[in-house]
Amino acid sequence: MEVKDSFISGIAKQSFNIVSIQEEIKKKYYSTEGPEKAIMQLITRIKLCLTKKFPFDQNYRPQSLRLYPILIVYDINLTVPGIESLMNEWFKIEREKLTIQLEESGIIGFHINDLVILHIDGLIGLTEYIRAGKVKLENLINNHLCRRKSLLKVDKKTSFNELKSSVLDSYLSFNQYVVDFIRSIPSKERLMSPEFTDLRRN
């Protein structure tokens, strides 16, 4: 998991230019020049985990790991439809490089999921449900990724309009999936953090 508070600049957003916005995001979250950015930092941490470079945790088999790369962001603009898919394509490039490198070292059998993006507010909204054991973050991620995969599944009976609709629906970010999940919980069953409960009492 990586937490990033970088924001897309106002100039890039107001340009309404897809290329400019993409370059801005790439510069702040994926640049392979200079200090590591979010995606490369995730890849580095995954590599450290799979090569058992964390001295405080050695009691596991890398071959049995199932990894969930999560990018926590402060900029809500990074959760709009399509951004997660864009950043995931960059992540896949680096994941493939890492997988080949690890296989050459004899490390196989692990599974690295696709990248998901979650806004800090979405994480806060989920915290009490995770703490209460009512939901597991990995299950939500699995459901989100399975949904995307099924939407992109094409067969001979799929019409162009159906395909177009499915592709557009697949752009839904994990953050939106989480928001929809929380909204689907009946109001009487919703949980709030103790901090908010104390505010209501006061």
- Message: Please verify whether L152 is of a type in the set (A, V, I, L, M, F, W, C), modelled with pLDDT under 95, touching a helix residue (DSSP H, G or I) at 6+ places or on another chain (Cβ under 6 Å) and surrounded by fewer than 16 Cβ atoms within 10 Å (Cβ to Cβ), treating the condition exactly as stated.
- Response: yes
- Item | segment 106-126 residues that are in contact (Cβ under 8 Å) with a residue 60 or more places away in the chain, paired with ones that are charged (D, E, K, R) (beta carbon under 7 Å, 6 or more apart) | I112/R95
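When segment 1-20 is examined, which residues are found to be assigned to a helix (DSSP H, G or I) and at positive phi? Can you show your working first?
If we filter segment 1-20 for residues that are assigned to a helix (DSSP H, G or I), which is where we start, we get 10-15, 18-20.
Listed by number, the list is empty, since nothing qualifies.
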- Query: What about L48, is it part of a helix (DSSP H, G or I), touching a strand residue (DSSP E or B) at 6+ places or on another chain (Cβ under 8 Å) and aliphatic (A, V, I, L, M)?
  - Reply: no
- Query: Which of the residues that make up segment 52-70 are touching a helix residue (DSSP H, G or I) at 6+ places or on another chain (Cβ under 7 Å) and part of a loop (DSSP other than H, G, I, E, B)?
  - Reply: K52, F54, L65, Y68, P69
- Task: Looking at (1) part of a helix (DSSP H, G or I); (2) modelled with pLDDT under 85, find the lone condition where H144 falls short.
- Result: (2)
- Task: State whether the residues of segment 21-44 include one that is in a loop (DSSP other than H, G, I, E, B), under 30 Å from D180 (Cβ atoms) and among the aliphatic types (A, V, I, L, M).
- Result: no
- Does any residue of segment 93-115 turn out to be within 25 Å of K26 (Cβ to Cβ), within 13 Å of the chain's Cα centre (by Cα) and in a helix (DSSP H, G or I)? no
- Task: Taking Q58 as meeting all but one of (1) modelled with pLDDT under 95; (2) closer than 30 Å to F16 by Cα, write down the number of the exception.
- Result: (2)
- Query: Quick check, is V179 under 20 Å from T79 (Cα atoms), β-branched (V, I, T) and out of contact with any Phe, Trp or Tyr (no Cβ under 6 Å at 6 or more places or on another chain)?
  - Reply: yes
- Message: Condition check: among the hydrophobic types (A, V, I, L, M, F, W, C) and within 19 Å of T79 (Cα to Cα). Does L145 satisfy that?
- Response: yes
- Taking interchain pairs and intrachain pairs at least six residues apart, which have beta carbon atoms under 7 angstrom, with the first residue in segment 67-86 and touching a residue at least 60 places away in the same chain (Cβ under 8 Å) and closer than 18 Å to D180 by Cα and the second assigned to a helix (DSSP H, G or I) and of a type in the set (F, W, Y)? E84/F174
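For segment 55-71, which positions are exposed (fewer than 14 other Cβ atoms within 10 Å of the Cβ) and closer than 30 Å to S85 by Cα?
Q63, S64, R66
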- Message: I need every pair where a residue in segment 26-44 that is within 14 Å of D5 (Cα to Cα) has its Cβ under 6 Å from the Cβ of a residue that is charged (D, E, K, R), sequence separation at least 6 or different chains.
- Response: Y29/K37; A38/E2; A38/K4
- Task: Can you tell me which residue within segment 72-106, out of those that are of a type in the set (V, I, T) and either at pLDDT 95 or above or touching a strand residue (DSSP E or B) at 6+ places or on another chain (Cβ under 8 Å) (or both), is surrounded by the fewest Cβ atoms within 10 Å (Cβ to Cβ)?
- Result: I100
- Task: Report yes if some residue within segment 114-131 is out of contact with any strand residue (DSSP E or B) (no Cβ under 8 Å at 6 or more places or on another chain), of a type in the set (A, V, I, L, M) and over 30 Å from P186 (Cβ atoms); otherwise report no.
- Result: no
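The values are calculated or read from the model by the stated rules, or taken from the named source; none is laboratory data. These figures come from a predicted structure and were not determined experimentally. A quick note on method: Cβ atoms are made from the backbone with ideal geometry, for glycine too, and the neighbour counts reach across all protein chains shown.
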